[in-house]
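Worksheet: the structure to be examined is printed underneath.
The numbers here are math on the coordinates, done by the rules we state, and not lab data. Note that the coordinates shown come from a computational prediction; the quantities given were computed from them, not determined experimentally.
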Amino acid sequence: MINLSDNLVRQIGLLYRYMMRALEAETAPLGMGAGRFSYLFILYINEGVTQQEMAYRLQADKAAVARTLVQLEIQGYIERRSDPQDGRVTRVYLTDKSRAMQGDLEAAVERVIDRLSLDRNEQEQDTLINELKAMLASLDDHYKVSTGSK
């Protein structure tokens, strides 16, 4: 029988919740909640993506992404503009405000990653990352849980 209080799914779930709380604590002084900084990170890497591409990359519901983008736009972190070639498509861009905080956001996330990695050497970290990727792939292969095209 499965141990409901101590199994892999529970530990991963707890790790996620603890990590999100840590990210919230680190990003709160910047006025950016843990659930929203990932939107900016996508744009730091590939500015001008569509809302649909953001939803896929975040593995989030399109409506939830649209709502969060509205909040980020109101707060002055992003701009949404129609694609010049296809007016039906909306693309998302950074503002000067979000560009100015990139270094501070990266440092906040780095502090959480450092805490997660404490007491693990590089090889152990690589092994853990590869194991997690294998678990994700296994679930996706069987259940087709990822959304959108790859």
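Values as computed for the structure displayed
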quantity	calculated
Karplus 3J(HN,Hα) series, Hz, for the range 50-61 with 6.51 cos²θ - 1.76 cosθ + 1.60 (x for Gly, Pro)	7, 4, 5, 5, 5, 4, 5, 5, 8, 6, 10, 5
For the range 96-112, Karplus couplings with θ = phi - 60° (6.51, -1.76, 1.60), whole Hz, Gly/Pro x	4, 4, 6, 5, 5, 9, 4, x, 5, 5, 4, 5, 4, 5, 4, 5, 5
Residues with amide H under 5 Å from that of G35, placed H, sequence gap 5 or more	none
Karplus-derived HN-Hα couplings along the range 74-83 (A = 6.51, B = -1.76, C = 1.60, θ = phi - 60°), whole Hz, x at Gly and Pro	4, 7, x, 8, 9, 10, 10, 9, 5, 5
Estimated [θ] at 222 nm from DSSP helical runs (n ≥ 4, -39500 (n - 2.57)) normalised by residues in the chain, nearest 500	-20000 deg cm²/dmol
Residues whose placed amide H lies under 5 Å from that of V89, excluding near-sequence neighbours	D83
Binned Cα-Cα distances of the range 8-118, short to long, each 5 Å bin given as a whole percent	2, 11, 20, 22, 20, 12, 7, 4, 2, 0
Residues whose placed amide H lies under 5 Å from that of M101, excluding near-sequence neighbours	none
